[in-house]
Amino acid sequence: MILKNFKLALGFSLFLAAGLYGCTSYAQTSSEDLAKEFGDQAIDEAKIQQLTKTEKEWQEQLDPLAYKVLRNEGTERAFSGALWDNKKEGTYKCAGCGLSLFSSEHKFRSGTGWPSFYQPIEKGVIRYVDDSSYGMQRVEVECGRCGGHQGHVFRDGPAPTGLRYCINSVSLEFDKKEK
């Protein structure tokens with residue numbers, strides 16, 4: 001029994017470590033650096049009207065996993081989301097409010113198990129927030145309209161930005177491009 005519990009604990013620890021490794025980077029940055037560089041200060045209040053709801057309204061709108069991720073800064077399991085391997089052309093929108101956040105043109109295969117993008121669809125749709133949870137220094141990305149947690153951004157992505165926006169599938173809705 002002790003050996004079985006040890007194996008379960010070891011397996012879970014390895015799984016957790018692998019998941020955290022997929023969305024971490026040794027290249028450090030801050031939310032202030034990214035805001036200056038990529039414009040979260042440029043949120044146009046007339047264009048992106050802020051959306052506020054009560055926690056009860058969010059719970060009624062979102063399924064439990066989406067609520068956990070978008071409103072409580074949770075993370076879905078790697079390789080479990082519907083969009084991590086999506087190759088279709090279109091737009092990725094916030095699952096909380098529908099704001100367009102990312103384009104398939106900026107999506108790339110990072111191998112982490114989460115949808116990855118090298119830039120947002122336009123400046124000002126993403127907010128950057130310093131995150132020191134789990135003993136790591138990271139930069140959280142939130143929807144510029146509703147503040148919903150999307151994921152994190154790291155400086156280990158491809159050109160032209162060198163960034164990797166590591167985003168939860170459950171935080172996004174996908175609108176397929178019509179031909």
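Derivation of every value follows stated rules applied to the coordinates shown; laboratory data play no part. This is a predicted model, so every value here is computed, not measured. Cβ coordinates were reconstructed from backbone atoms using ideal geometry, including for glycine residues, and neighbour counts include every protein chain displayed.
Scanning the stretch 100-120 for residues that are buried (at least 18 other Cβ atoms within 10 Å of the Cβ) and of a type in the set (A, V, I, L, M, F, W, C) yields LEU101, PHE102, TRP114, PHE117. Is it the case that some residue within the stretch 137-146 is over 19 Å from CYS166 (Cβ atoms), among the charged types (D, E, K, R) and buried (at least 19 other Cβ atoms within 10 Å of the Cβ)? Yes.
Scanning the stretch 122-138 for residues that are of a type in the set (A, V, I, L, M, F, W, C) and touching a Lys or Arg at 6+ places or on another chain (Cβ under 9 Å) gives a single hit, VAL125.
Is it the case that SER104 is touching a Ser or Thr at 6+ places or on another chain (Cβ under 6 Å) and not aliphatic (A, V, I, L, M)?
no
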